[in-house]
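Here the structure is laid out as structure tokens; the discussion comes afterwards.
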Amino acid sequence: MDPRVTALLLDMGGTLWPDSWPAAELHSPMRASNLEAAFPGRGETLERTLTSLLTEQTRREAEAGIHRQDVPEVIRSALLEHGLEPGEEIVRRVMRAMAVSPLGVVELFPGVVELLQEAAGCGLRRVLVSNTGWRGAREYAEDLAQVGIADLLDGIVASPDVGHKKPHRAMFEAALQIAGCRPEECVMVGNSEIKDVRPAREMGMRTILLAIERPAPPDSRADAVARSLSEVGDVLRSWGALC
């Protein structure tokens, strides 16, 4: 008999809200404006440098199979390139300036609130596990409070805080620590075969691939495939995970 499910781990982009939206076109001017307030005359050029360095770091680490994400390192490098002192407080200010919110551009998918409420009512721990560029758990919590689901989550794991991106197991280990359970007691719900399904399965979790924005690959290793969050609930009920 399978162990009782006690925790639900959830990806964000493509799972709880859209993954496909014009971030660069919309966010670059906002980030540049934020940086301009802190560093007059340097906002646009500093934003371009930061974006370029983070993109290059992500590409390099992914190619090496490491998936490390050291945002403070990127910020310090950019500040030095622009002749600025990379002190700890300045690094924090830059990260905050770059962490603009997607709210107003994206909305939660239908069924998010209902799924989280049902999971909470059945005693499941609920942890968000998300790759982001600049946004840590603090920024995510602010977003989720605005859309009314912050209180429906027990914790948030964001890649800038962890220092790695999924599929690195550090992301899932951080989520398990918050959930307070073993991998076999968890269900991972996400839209990526590579970043969500396979690493979670390798750790012993059950997995649901959510195919809202794009179809599931024919060779998916997920335990189940859902086309909506309502279907995710159906799968969880069929496994006895929801009461």
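The values are calculated or read from the model by the stated rules, or taken from the named source; none is laboratory data. Everything numeric here is computed off the predicted structure, so don't read it as measured data. Every residue, glycine among them, receives a Cβ derived from its backbone with ideal geometry; neighbour counts consider all protein chains shown.
At-a-glance table
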{"item": "Residues of the stretch 214-238 satisfying the condition of being of a type outside the set (A, V, I, L, M) and modelled with pLDDT of 95 or more", "result": "S220, R221, D223, R227, S228, S230, E231, G233, D234, R237, S238"}
{"item": "Output for the stretch 75-117, where each listed residue is buried (at least 18 other Cβ atoms within 10 Å of the Cβ), under 17 Å from the mean Cα position of the chain (by Cα) and in a helix (DSSP H, G or I)", "result": "M95, M98, V112, L116"}
{"item": "Subset tally (residues that are free of Cβ contacts under 8 Å to residues at least 60 places away in the same chain and more than 18 Å from W17 (Cβ to Cβ)) for the stretch 156-175", "result": "6"}
{"item": "Of the criteria (1) among the β-branched types (V, I, T); (2) assigned to a loop (DSSP other than H, G, I, E, B); (3) touching an Asp or Glu at 6+ places or on another chain (Cβ under 7 Å), which one T15 fails", "result": "(3)"}
{"item": "From the options C186, C181, C243, residue that is outside the structural domain of L124 (by TED's automatic domain parsing) and either surrounded by fewer than 20 Cβ atoms within 10 Å (Cβ to Cβ) or over 17 Å from the mean Cα position of the chain (by Cα) (or both)", "result": "C243"}
{"item": "Matching residues, the stretch 8-56, being among the hydroxyl-bearing types (S, T, Y) and in contact with a helix residue (DSSP H, G or I) (Cβ under 9 Å, 6 or more places away or on another chain)", "result": "T15, S28, S33, T45, T49, T51, S52"}
{"item": "Qualifying positions in the stretch 167-178 - buried (at least 24 other Cβ atoms within 10 Å of the Cβ) and not aromatic (F, W, Y)", "result": "M171, A175"}
{"item": "Scope the stretch 26-59; condition more than 20 Å from the chain's Cα centre (by Cα), not aliphatic (A, V, I, L, M) and not in a loop (DSSP other than H, G, I, E, B); matching residues", "result": "P29, S33, N34, E36, G43, E44, T45, E47, R48, T49, S52"}
